[in-house]
Amino acid sequence: MLFGKILENPDLSACVKIPAQTIHQSKMISKIKFVLTIIILMVLIWHSSAVVFAQTQPTTNQLPPIEPYISISPDSFNTLEEILYVEGRSDPNAIVTVLLEQQGKQPVKFTVKADSSGEWVVAEKTYLSAGNWEVRARQQVGALFSGWSNPRVIQSAVNGIDIFGFKIRYVVIAVVVFIFLAILGSVFFYFRRKIQNLQRGLIEKQIKETEERFHRGFEEIRKDLMDQLKDLALNAQTRALTPDEVEKRDHVLRELEQLERNLDHDIGDIGKKY
């Protein structure tokens, strides 16, 4: 203590004679303390940097997480009517990738995050072509990835068709086709009935015109025959009819009767035919 005070106070050092060797040793000790302090500070800074670097870099010997577990997946899936539901477990808060694959088809992939208890769920409306699909899952914890889980098989059923990217169910197609056929049938029967009515009207008009022509022809023939009968009747009033005139009268009467029967028969046949 006294030596330190003497060094700090030049007046005292002037009054007190201090050996040169002692002063030299004191300065050496101060320099050594300063150097040691610098070394300790450098070691502390290096250690802190190493800790921070180690925390930001993955540990080379850290093991990857285990595969997640798929607990629920459908055995069969109606792709146009149902929602795909897959459920499972993984490490808490892990990023889970669910992959669906079918040979020759484009894979379908979903990414979800597990909750704090490690449960995760995929519930998506998606299209899977008909056939068997294999579903697997893997998880990501930090920068590490697990392997893929054992596959589970989902049998996809497609009850519809794909038209330019639009998925249409067979039920909808059947309803549309039924409505179209019903409309087409209604239009067909409407025009058929319309045509039948037109044909019936034309036929009735033709029958009427035919009857009128028959009646006109019959009246002319009947008039000729009646004129002949009148002549024979006048001759019978003045004299007796000759056998030829009697035969002619009877022939005219038979022809007149036969003509009336044939006319009625022909007109009836025309009506029945049409």
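The values are calculated or read from the model by the stated rules, or taken from the named source; none is laboratory data. This one's a predicted model, so the numbers in the text were calculated from it and none came from an experiment. Glycine gets a Cβ as well: all are built from the backbone with ideal geometry, and neighbour counts include every protein chain shown.
Just a few scattered comments:
- For the condition of a type outside the set (Lys, Arg), more than 46 Å from the chain's Cα centre (by Cα) and modelled with pLDDT of 85 or more, Asn197 qualifies.
- Entirely in region 131-181, the strands (runs of 3 or more DSSP E) that have 3 or more residues that are under 17 Å from the mean Cα position of the chain (by Cα): 160-163, 166-169
- Some residue of region 103-113 being touching a residue at least 40 places away in the same chain (Cβ under 8 Å) and surrounded by 12 or more Cβ atoms within 10 Å (Cβ to Cβ): no
- Selection within region 63-87 - more than 30 Å from Val171 (Cα to Cα) and of a type in the set (A, V, I, L, M): Leu63, Ile66, Ile70
- Every pair of residues 6+ apart whose Cβ atoms lie under 9 Å, when the first sits in region 158-181 and is without any contact (Cβ under 8 Å) to a residue 60 or more places away in the chain while the second is part of a helix (DSSP H, G or I): Ile161/Tyr170; Ile161/Ile173; Ile168/Val176
- Residue check, Leu198 outside the structural domain of Val135 (by TED's automatic domain parsing), surrounded by 11 or more Cβ atoms within 10 Å (Cβ to Cβ) and assigned to a helix (DSSP H, G or I): no
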